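The values are calculated or read from the model by the stated rules, or taken from the named source; none is laboratory data. What you see is a predicted model, and the numbers here were worked out from it, not measured in a lab. Heads up, the Cβs are rebuilt from the backbone with ideal geometry, glycines too, and the neighbour counts pull from every protein chain shown. For accessibility, only protein heavy atoms count, side chains too; no ligands or nucleic acids. Shrake-Rupley method; radii C 1.70, N 1.55, O 1.52, S 1.80 Å.
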Amino acid sequence: MSPSHRPRAALAMSRRAADAVLEPSALAALRQVTTLEPPPPLDDFGTERAKTVLAGTELLVTGWDCPPLTAEVLAGAPNLRAVVHTAGSIRGHVTDACWARGIEVSSAAAANALPVAEYTVGMILLANKRVLEGARDFRAARTQVDWTRTSRTTGNYRRTVGILSASFIGRRVIELLRPHDLRVLLHDPYVSEKEAAALGAELVPLAELFTSSDTLSVHTPLLPATRGLVSRELLAAMRPDAVLINTARGAVVDQDALTEAVTEGRIRAVLDVTDPDVLPPEHPLWTADNALLTPHLAGSLGNEWRRLAEHAVDEVRRWAAGDGFAHPVSRDRLAYLA
């Protein structure tokens, strides 16, 4: 592409996503390198305005709630050559038709991995230290606690942390755990022992990951092959009082088996995702003393959205200059990237 060419670009996402992620400064930066369609963003590709815009669009900057780019939609967008996503997963809108057309795709998955990894590491350290339970008990007792009676299983010294899948997030968690005095195990069928060692982890079979970990963090993408991967048998094999952390997708875990293990007091859980995403009000996990539920907040929030916007602007700038994407997504990697 000629460095002087300013590709025609449009935003495709919900208005709330655009308002959250793309501040005026980000929009101004996009306008410096593209001919950007004025707001509002496209949130329905079936409208007459959307059809008119797509007919001349070369680059789509997508976000949460972007409609699927089906073969029918692409037929009305003959000039579309690239998609830059301002969030992590592209599975909801980048279809097989996009790959068949040879459309280049970039995702902010690597940028979004950092806050999820930070949340995960924070929860690992807090869970091992039993901070949440200690705060709850302290609030109830309102008197000095005898710390000399603390269980020998409390603390972060040489505990074993298991990482399920070396996704962008899983790798970042391993990286952030390096300064801590922890043993890190990893299970990922796409990773070799040599690569795991280079990351700072010991590669182990799936069963061993569950039997050997004091804290186990799930970073597996939800695919047909991974639905229910964390099975009743694996949960039953976890060490007594071990902690399961899930920031991936709720359906990767057998929800019923997890609920039983937690409510019976066999294991603890930190769940940023469940199946469904919001459990029914009467679900026992809401009131389980050894479970912490958070509302899918591990990913980018608040000022962290600026990182996503900056990432997207950088990718658009590179592509417009003919340099290609720094963070391309290929079809063959979707099978094992979260």
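Descriptive notes on the structure:
- Yes/no for LEU182 being over 20 Å from the mean Cα position of the chain (by Cα), modelled with pLDDT of 95 or more, surrounded by 11 or more Cβ atoms within 10 Å (Cβ to Cβ) and aliphatic (A, V, I, L, M): yes
- Scoring THR160 on the criteria (1) in contact with a Leu (Cβ under 9 Å, 6 or more places away or on another chain); (2) assigned to a loop (DSSP other than H, G, I, E, B); (3) touching a residue at least 40 places away in the same chain (Cβ under 8 Å); (4) hydroxyl-bearing (Ser, Thr, Tyr) leaves a single failure, condition (2).
- Matching option when the condition is among the charged types (D, E, K, R), under 27 Å from LEU199 (Cα atoms) and either exposed (fewer than 15 other Cβ atoms within 10 Å of the Cβ) or at pLDDT 90 or above (or both), among ARG136, ARG158: ARG158
- For first residues located in the stretch 220-239 and open to solvent by 90 Å² or more (accessible area, probe 1.4 Å), partners that are outside any strand (DSSP E or B) and among the aliphatic types (A, V, I, L, M) and lie 6+ apart or on another chain with Cβ distances below 6 Å form the pairs ARG227/ALA251; ARG232/ALA257.
- Taking every residue in the stretch 31-48 that is under 17 Å from VAL83 (Cβ atoms) and in contact (Cβ under 8 Å) with a residue 12 or more places away in the chain and pairing it with any residue that is open to solvent by 80 Å² or more (accessible area, probe 1.4 Å) and among the acidic types (Asp, Glu), at least 6 positions away or on another chain, the pairs with Cβ-Cβ distances below 7 Å are ASP43/ASP65.
- Counting only residues that are out of contact with any helix residue (DSSP H, G or I) (no Cβ under 7 Å at 6 or more places or on another chain), among the hydrophobic types (A, V, I, L, M, F, W, C) and surrounded by 15 or more Cβ atoms within 10 Å (Cβ to Cβ), the stretch 106-133 holds 4 of them.
- Only one of the numbered conditions (1) within 24 Å of GLU304 (Cβ to Cβ); (2) touching a Gly at 6+ places or on another chain (Cβ under 6 Å) is not met by ALA12, and that is (2).
- Test: residue in the stretch 104-117 that is without any contact (Cβ under 8 Å) to a residue 12 or more places away in the chain and either of a type outside the set (Gly, Ala, Ser) or farther than 20 Å from ASN303 by Cα (or both): no
- Residues of the stretch 286-301 that are in contact with an Asp or Glu (Cβ under 7 Å, 6 or more places away or on another chain) and either aromatic (Phe, Trp, Tyr) or surrounded by fewer than 19 Cβ atoms within 10 Å (Cβ to Cβ) (or both): THR294, HIS296, LEU297.
- ALA113 passes every criterion in (1) out of contact with any Gly (no Cβ under 8 Å at 6 or more places or on another chain); (2) of a type in the set (Gly, Ala, Ser); (3) under 21 Å from PRO295 (Cα atoms) apart from (1).
- Unique residue being at pLDDT 95 or above, over 21 Å from ARG249 (Cβ atoms) and buried (at least 16 other Cβ atoms within 10 Å of the Cβ) when the list is THR57, THR62, THR52, THR47: THR57
- Exactly one residue out of GLU264, GLU310, GLU304 is among the acidic types (Asp, Glu), touching a residue at least 40 places away in the same chain (Cβ under 8 Å) and open to solvent by 70 Å² or more (accessible area, probe 1.4 Å): that is GLU310.
- None of ALA20, ALA77 is of a type outside the set (D, E, K, R) and either closer than 17 Å to ASP314 by Cα or buried (at least 21 other Cβ atoms within 10 Å of the Cβ) (or both) except ALA77.
- Number of residues in the stretch 1-15 that are more than 15 Å from LEU60 (Cβ to Cβ) and touching a residue at least 12 places away in the same chain (Cβ under 8 Å): the value is 6.
- Candidates in the stretch 86-98 are the residues that are in contact (Cβ under 8 Å) with a residue 40 or more places away in the chain, surrounded by 15 or more Cβ atoms within 10 Å (Cβ to Cβ) and out of contact with any Phe, Trp or Tyr (no Cβ under 7 Å at 6 or more places or on another chain); of these, the one that is farthest from LEU74 (Cα to Cα) is GLY88.
- Search result, residues across the stretch 298-325 that are over 29 Å from ALA225 (Cβ atoms) and assigned to a loop (DSSP other than H, G, I, E, B): LEU301, ALA321, GLY322, ASP323, GLY324
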